[in-house]
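One structure is given here, and the rest of the page talks about it.
The values are calculated or read from the model by the stated rules, or taken from the named source; none is laboratory data. All figures in this text were calculated on a predicted structure; none of them were measured in a lab. Glycine also receives a Cβ, built like all others from the backbone with ideal geometry; neighbour counts cover every protein chain displayed. We work out accessible area using only protein heavy atoms, side chains counted, and drop any ligands, DNA or RNA first. Shrake-Rupley method; radii C 1.70, N 1.55, O 1.52, S 1.80 Å.
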Amino acid sequence: MRYGKQLTLAFRSLRGSGRFALAVLLLLALGVGATTAMFSVVNGVLLRPLALPDPGQLMLIGERIPQMPQTAGLAWFDSLAAFSAWQREASDFTGMALIISSRLPVMGGSQPLLLHGAKTSTNFFNMLDVRAALGRTFEPGDEMDTTTPILISNALWHSAFNADPSIIGRDIGMPGSNATVIGVLPDWFQIRGRELGPMFEGSPAEFFRPLQIGPNAFLHAEVFSDFDYHVIGRLKPGMTRTQALAQLNFIQANLARTAPEKLSLYADLITMQDFAVEGTRQELWLLLGGAGSVLLIVCVNLGGLWISRMADQYREWGIRAALGAAPGELGDQVLCEGLILGLIGGLLGVACAAGGLHTLLAAAPANLPRLDEIHIDWHVLVFGLALSLFAGLLTGFVPALRLGRLDPQRLLRYASATASPGFESTRSRQALIALQAALSTLLLTAVGLLGLSFYRLVSEPTGFVAQHAVQAEVSLIDYSNDQRLAILRQLPATALALPGVSQAGFTTQLPLTGERGMDRFTVPGKVYTDAGGPQLTGSAISPGYLGALGVPLLAGRDLSESDRNQNAIVISAAAVRALWPEDADERLAVGRVIAGRDTRFNIVGVAADARTRLTEPAPPVAYVPYWSSIPPFSGSLVVRSSLPVGSLAGPLRQGIGKLAPAAPISNLHALDQLEANAVAPQRYQLTLLLLFAGLALFLAALGVYALVAHSVARRSKELAIRISLGASAGTIWGAVMRQALSPVIAGLGGGLTTAVLTGPLLRSLLFHVNPTNPAVVMAAVATVGIAAVCACLGPAYRATRTDPLRALRAE
């Protein structure tokens, strides 16, 4: 009954304070909306478990060779020798499965389409504990089936086959290739690619095929070679990562002793989910922290509003207390008001979050993991409402506590015509302003550091010229070795025949797409230590590729079709330094001989370094002619042209279609997109954090303005008396500015100290930037200070224009 009465009084009071209630609701909607939208991203990417039975037991297993640090980027790739040993001896796992990426060309209307998927050992789905929604999953012996059984995802079943139940038993491959559908996976089975390992990044798994590996492949597998697979294992219940890793490393040590190389071999373990979000975890938590800082500043502003409202209502509350209101009733009413405003503000905030989430997802980089799992679910809804209720109650609790402790006579004295604003009230508002200034300084410092890091990242030389170049991914999976060899020979000439095309070439490894494979190369006659020779990133290319990509030759010449019987090769400058560290002269490298696994190559040219990742130095690269081994099944055609992409796309597709009608063409876009994709995560993070910092700065300035404006209004009698006694406009101006800026200066000092202390936490997110960069920190301090001064100008000017007669008459 008591609380029902208090709720009724609270509603009545809020109706009479429309502007106050509206301001609180708008601030809550802004703060709760931003934080809830960001939490929905964190929840969908980091917190929601994979849609698999017992996902915490599913581990990605990798191999490390400490003596070969250049292979660190390939740590999650495994050899057949290791997989065979783990299967035999790793008793801490209930099962392990081998997996490798795969592609499948299918007919899609008038043009072939390319599906992305995986080849797995037949125990893969049994280990995951996944059953087919239609048909069946793999069984032992499927790897020997000449009809090539295939499982398709539920999404592909709906999008490409209209959920036709008669899909079971149908061959969906190109004419002449086998791909017989034996099952459709359930719709809850959400494997988008990266969970399976780095070779699946950016490519959702649309199908699965049995991996065909003969028993002889395991018998002759080399320990320190052919790291071409990923291995996924399921831990036994109750088994920890540490225990399993110790067992795997024991197996690895024994395995290394069987190899002729004097190298160490270690294993590594990570859950599938942790690997999927490995590169985004810290960034997303930082963004959630930025949004939370905005909400905290909102709460600070709300606290200031409550304090100002209390100062305006002291007389009313004093009269009510004098008329017999119980000591706790007034405090209960304030808490009820906070609860009502928090609930309504929370609903508005969740609605704002739902609308803002679409913007967040539209701007998100394509490689953000689990992107399609981000939505407003009941977890996000509960989080938003709890956050808003907490904010409402928190900001109303302190005023309610103070109100309950004040006696009626003191309340009336505060509200009398002769009383000035209470010192405690002024001090409380100044403390809130100081906190806002500190938080804004901290956020702006983070934005400044990340902004400088982003600038230096995009300023890094890539080693190639992206302007006026186009790339198209071409898949030749459906062709024989001889056919692929003939197509690759004619492919650049087909592109060169198009109007406006000046250069063209083919490669299996574009820059800025990461390292996909490395091979050991040695200098004949040179004695190596335990590492056994440098590891070079291999890239099969056609003549003309380096020119089309815009990679300059530092010495020698490019490959040519006349080199077919010469075992010619072009290497990068970094490869020269790796092969001849004692004499890394590009000119001397031309004409020398290096040995691959089975072939000796004559170096005919040295190309400039091109990066595979912007954040890392360019690796040593061996540009091997495409005819030197089995012709590649897919790769990218790079075309340099003065024409825009839109006018070149159609003729290029037609030309490739005439040459290779069964070759799917995908990812046809300007080469500039490689650079844009390389910095997309950093751009997304910086943009959102800049938005949050801008909101924080605006709210902090708004808080300063509200404090000064309210203070000037409450001090109107004092100012009138001072002006009447002859105080100049400059004196009044100085008095107002000193009172307003003193808490701001204190907050700037606190923010500066905190930024310096917490800056090292951002070190892993920065590129060639000191986390305590003094110029950035001081720029953040200056920005907040200028914003605070600007917020004070209006109220300070009004204070100097106070009319003494009008102010005293009003009092």
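Values (1) 0.98; (2) 1.05; (3) 1.09 are given for comparison; Rg/Rh (Cα atoms, Kirkwood Rh), derived from the coordinates here, is the one labelled (3).
Pairwise alpha-carbon distances in segment 555-663 exceed 22 Å for 48% of all pairs.
Estimated from the Cβ-Cβ distance and a Förster radius of 41 angstrom, the FRET efficiency linking Arg456 and Asn565 is about 0.30.
Which of rounded, prolate, oblate describes segment 593-637, given a ≥ b ≥ c as roots of the alpha-carbon gyration tensor eigenvalues and a/c under 1.5 marking rounded, otherwise prolate only if a/b is larger than b/c?
Oblate shape, in that a/c is at least 1.5 and b/c is the bigger or equal ratio.
Overall, the chain carries a charge dipole of about 3680 debye about its Cα centre when +1 sits on the Cβ of Lys and Arg and -1 on the Cβ of Asp and Glu, all other atoms neutral. Going by accessible surface with a 1.4 Å probe and the largest first, Ser440, Ser560, Ser159 read Ser159, Ser560, Ser440.
Rounded to the nearest 10 degrees, the inclination of helix 241-257 to the longest alpha-carbon principal axis of the chain is 30 degrees.
Percent of Cα-Cα pairs more than 21 Å apart in segment 13-129, please.
Working: 4572 of 6786 pairs.
Looking at segment 13-129, the distances longer than 21 Å represent 67 percent of pairs.
Computed from Cα atoms alone, the Kirkwood hydrodynamic radius reported for segment 467-605 is 16.6 Å. Summed over the residues of the chain and divided among them, the accessible surface reaches 43 Å² per residue at a probe radius of 1.4 Å. Which of rounded, prolate or oblate describes segment 421-521 when judged by the alpha-carbon gyration tensor and an a/c cut-off of 1.5? Cα axes put segment 421-521 in the prolate bin.
Counting only C-alpha contacts under 8 Å and six or more residues apart, can you give the relative contact order of the chain as a whole percent? Intermediate results must be reported in sequence, preceding the final value.
Values: 1467 pairs, mean separation 132.9, N = 811.
It rounds to 16 percent for the chain.
Measuring nothing but protein heavy atoms, the accessible surface of the chain at 1.4 Å probe radius is 60 percent carbon and sulfur. Global dimensions of segment 144-204 from alpha-carbon coordinates: Rg and Dmax equal 12.8, 34 Å. Calculation over all alpha carbon pairs of segment 89-165 in 10 angstrom steps from 0 returns a P(r) of 14, 43, 32, 8, 2, 0 percent. Taking the C-alpha atoms only, the angle from helix 423-458 to the longest principal axis of the chain is near 20 degrees. Of the residues Ser166, Val708, Leu263, the one whose Cα sits farthest towards the positive end of the charge dipole of the chain is Val708 (charges of +1 on Lys and Arg Cβ, -1 on Asp and Glu Cβ, taken about the Cα centre).
The mean sequence separation of alpha-carbon pairs under 8 Å and at least six residues apart, normalised by the residue count of segment 527-609, gives a relative contact order of 36 percent.
Volume per residue for segment 55-193 equals 151 cubic angstrom (convex hull of Cα atoms). In the chain, helical runs assigned H by DSSP with n ≥ 4 each contribute -39500 (n - 2.57); averaged across all residues and rounded to the nearest 500, the mean residue ellipticity at 222 nm is -16500 deg cm²/dmol. For segment 186-272, the extents of the C-alpha atoms along the principal axes are 47, 34, 23 Å, listed from largest to smallest. Distance between the pseudo-spin-label points of Lys262 and Thr529 (7 Å out from Cα toward the beta carbon): 1.1 nm.
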